[in-house]
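Worksheet for the structure shown next.
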Amino acid sequence: MKKILVTVSAMLLIVSAANAQEKSGGLLGGLLGSIFGGNKTENTETTASGTDIASTAESVLGALLGNVISQVVPVSLPGTWTYNGVASAIETENALTTLAASTYKEKLETKLDGYLQRIGIVPGVATITFNTDNTFTIASSTKTIASGTYTYDTQTKEIVMKLGKVYSYMTMEGTVTATTGGAQVLFDANKFLAFAKKAIKVVGAGKDNSTLNTIAKLAEQVTGLKLGFDMKK
């Protein structure tokens with residue numbers, strides 16, 4: 001907890017510095033720009049503006065605060081959850097690395113959300129039900145997309161979801177964390193993308209390897225990336 005609070009404090013300083021740079025310009029802007037995305041052309045040096053840096057830093061700060069919540073708020077998993085969109089997280093203790101990777105992360109979430117919608121996993125419509133007999137179902141408004149069994153350790157927050165025969169009994173190991181609006185189930189990025197690739201075949205939505213390849217390439221740019229479901233009851 002102490003480590004998280006120190007990191008949050010550091011991010012607050014970055015936001016404050018970026019806002020100050022927006023008003024005054026100068027050396028700080030060039031330094032922050034060089035760290036968080038500034039680039040040079042042949043005749044003109046362009047650095048990230050204070051506004052852009054502050055906006056990105058605030059986004060990362062929100063994620064860090066979410067991490068604090070996830071560590072102190074327990075999740076009661078059984079029940080029917082509404083899918084709220086793709087969840088993602090970067091497992092690193094380096095706040096600057098998280099900040100630099102946020103652009104890739106946002107693009108990936110947008111593309112993956114679109115891909116999952118083709119399967120029927122639509123925000124606000126699709127549901128994920130965890131039954132007390134340790135079975136689960138992922139469903140669209142009209143049909144079951146995936147089902148299987150799960151185990152969940154409330155102490156370690158670790159979850160193992162084993163899908164059925166049509167998914168070749170694929171197993172996804174992840175974690176369940178609380179959010180301000182519900183909960184997230186996060187898995188290794190490659191494992192979750194493998195699930196998405198299989199799901200689009202299972203539901204008969206055709207093939208779209210080019211889109212999935214683009215998503216995979218974006219995922220490769222983010223070290224420690226986790227992907228999964230953002231849910232609310």
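At a Förster distance of 45 Å, what's the computed FRET efficiency of VAL202 paired with GLN155, Cβ-Cβ distance as r, to 0.05?
That pair, VAL202 with GLN155, gives E of 0.85.
Can you list residues whose amide H is under 5 Å from ALA126's amide H, if they're 5+ apart or on another chain and H is modeled 1.01 Å from N?
TYR83
Note the full-extension length gain between LYS217 and GLN117 as 0.36 nm times their separation in residues minus their Cα-Cα distance, in nm to one decimal.
34.0 nm
How far apart, in nm, are two points set 7 Å out from the Cα along the Cα-to-Cβ line at LYS191 and at VAL73?
Computed distance between label sites LYS191 and VAL73 equals 2.4 nm.
Given LYS111/LYS197; LYS111/LYS233; LYS107/LYS201; LYS157/LYS201; LYS191/LYS217; LYS165/LYS191, which pairs have Cα atoms separated by over 19 Å?
Pairs exceeding the cut-off: LYS111/LYS233; LYS107/LYS201; LYS157/LYS201.
To the nearest 20 debye, what charge dipole does region 79-232 have about its Cα centre, counting +1 at the Cβ of each Lys and Arg and -1 at the Cβ of each Asp and Glu?
640 debye
Just so you know, all these numbers are worked out from the coordinates, no wet-lab data involved. Bear in mind that the values here come from a model prediction, so they are computed numbers and not experimental data. FYI the Cβ positions are ideal-geometry reconstructions off the backbone, even for glycines, and counts take in every protein chain you see.
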